[in-house]
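Structure first, then comments.
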Amino acid sequence: MTVIENSKVTVVGAGSVGSSVAYAALIRGSARHVALYDIATQKVDAEVLDLAHGTQFTGSSDIIGGSDISVVEGSHVVVITAGAKQNPGQTRTELAGVNAGIMRKMMPQLLEAAPNAIYVIVTNPCDVLTVLAQEETGLPPERIFASGTVLDTSRLRWKLGERAGVSTSSVHAYIVGEHGDTEFPLWSHATIGTVPILDWVTPKGDRMTVEELDQIAVDVRDAAYKVIQGKGATNYAIGLSSARIVEAILGDQNAVLPVSPVLHDYHGVDGVALSVPSIVNAKGAHPIGQTTFSEQELALLHRSADALRDVAASLRG
């Protein structure tokens with residue numbers, strides 16, 4: 001993979017998600033330099049040391065970190081994972097109040113240290129926090145966006161691939177909208193290879209039904225809750241999906257990923273960050289306006305927007 005020369009990604013937050021992002025970025029060689037920043041000195045120093053001990057075996061060979069903001073300087077991409085984690089039974093939007101306060105305090109400091117970076121927000125609720133962070137910093141929307149439903153889309157493709165009897169990479173389907181309870185699949189564009197999803201004949205000799213697809217969508221939506229219930233946090237898959245976003249930026253790949261920038265006049269949605277298929281490159285994330293939605297999907301997109309708008313308004317109030 002070709003990346004920006006001497007590229008640097010800094011992960012903010014050395015908890016289970018942040019350390020997994022750094023780990024994935026190292027293993028995949030997502031950037032020439034990987035940094036981990038956290039105000040908890042002992043924790044971040046230990047994570048960096050543990051990662052450094054394995055650099056003989058990784059794609060990137062350079063990991064630094066610490067609790068001084070100077071760690072962030074020179075970053076091309078900053079991935080923000082810092083914040084309170086989602087507890088069992090807690091929705092992402094219930095996290096909003098606590099993490100909005102952390103975001104407001106942190107963003108000016110990060111922007112001062114890395115004024116030219118592209119910012120990827122992973123901290124939940126990532127869509128709402130992206131709107132607040134964009135307002136706080138005044139950055140253009142393409143330069144500050146959430147990881148959105150890149151992970152949810154991977155979950156969907158994995159489940160569909162299992163059912164269809166094909167590799168995950170041969171499934172072409174997207175989860176869009178909120179990264180949360182109002183997210184939904186773009187079934188109108190879902191295919192296995194070139195075959196529309198409902199026309200695909202599975203290894204059992206049958207086809208998937210609309211009811212079955214609806215259940216798969218529910219399972220994908222609730223997947224994080226299931227993982228959190230069992231082990232306390234989701235970390236490996238979000239680490240990998242975040243590293244993938246970093247690679248699209250640093251490699252100037254023009255990759256189509258369902259990230260979540262603040263949308264402006266996107267099918268009637270304005271001022272809300274929602275995941276939609278977007279071109280991700282060295283300049284950031286650019287929503288694909290030509291994406292078509294069925295009438296039902298458009299209604300679901302606006303439902304997502306309304307739900308997030310209400311949360312953002314309560315935090316501003």
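The values are calculated or read from the model by the stated rules, or taken from the named source; none is laboratory data. As the structure is a computational prediction, the values presented were derived from the model and not from experiment. Glycine gets a Cβ as well: all are built from the backbone with ideal geometry, and neighbour counts include every protein chain shown. Heads up: the accessible areas ignore ligands, DNA and RNA and are worked out on the full protein's heavy atoms, side chains in. Shrake-Rupley method; radii C 1.70, N 1.55, O 1.52, S 1.80 Å.
A few notes on this one:
- Listed by chain and number, the lysines placed with their C-alpha closer than 27 angstrom to that of residue 105 are 8, 43, 85, 283; residues fewer than eight positions away on the same chain are left out.
- Given R0 = 25 Å, the distance between the Cβ atoms of residue 265 and residue 314 translates into a calculated FRET efficiency of 0.55.
- Backbone HN-Hα couplings from phi across segment 230-243 [Karplus 6.51/-1.76/1.60, Hz, Gly and Pro as x]: x, 10, x, 6, 9, 9, 5, 5, 5, x, 5, 5, 5, 4
- Helix axis angle, 16-28 relative to the chain longest principal axis, alpha carbon, degrees: 90
- Restricting the calculation to Cα atoms, the chain shows an Rg/Rh of 0.96 when the hydrodynamic-style radius is the Kirkwood one.
- The chain: angle of helix 295-316 to the longest principal axis, Cα-based, in degrees nearest 10: 30
- Using alpha-carbon coordinates, inclination of helix 41-52 to the longest axis of the chain, degrees: 70
- Phi to ³J(HN,Hα) by Karplus 6.51 cos²θ - 1.76 cosθ + 1.60 over segment 138-155, Hz, x for Gly, Pro: x, 5, x, x, 6, 9, 9, 8, 8, 5, x, 9, 4, 5, 4, 5, 5, 4
- Cut-off under 5 Å, modelled amide H: who pairs with residue 148 long-range: 260
- Modelled FRET efficiency - R0 30 Å, residue 167 with residue 283, Cβ distances, 0.05 increments: 0.45
- Relative contact order of the chain, defined on C-alpha pairs under 8 angstrom at six or more residues apart (%): 19
- Spin-label model distance (nm) - residue 56 vs residue 209, 7 Å beyond Cα toward Cβ: 5.7
- Listed by chain and number, the lysines placed with their C-alpha closer than 16 angstrom to that of residue 204 are 159; residues fewer than eight positions away on the same chain are left out.
- Mean ellipticity per residue at 222 nm, deg cm²/dmol - from DSSP H runs of n ≥ 4 across the chain, formula -39500 (n - 2.57): -13000 deg cm²/dmol
- Computed P(r) (all Cα pairs; segment 85-131; 10 Å bins; percent): 26, 50, 20, 4
- Hz values of 3J(HN,Hα) by residue in segment 211-221 - Karplus curve (6.51, -1.76, 1.60), Gly and Pro given as x: 5, 5, 5, 4, 5, 4, 4, 5, 4, 5, 4
- Order of exposure, largest accessible area first, which applies to 47, 135, 112 with probe 1.4 Å: 112, 135, 47
- Considering segment 1-57 at the alpha-carbon level, its Rg and Dmax are found to be 11.1, 34 Å.
- Less than 5 angstrom separates the built amide H of residue 255 from those of 280, all sequence-distant by 5 or more or on a different chain.
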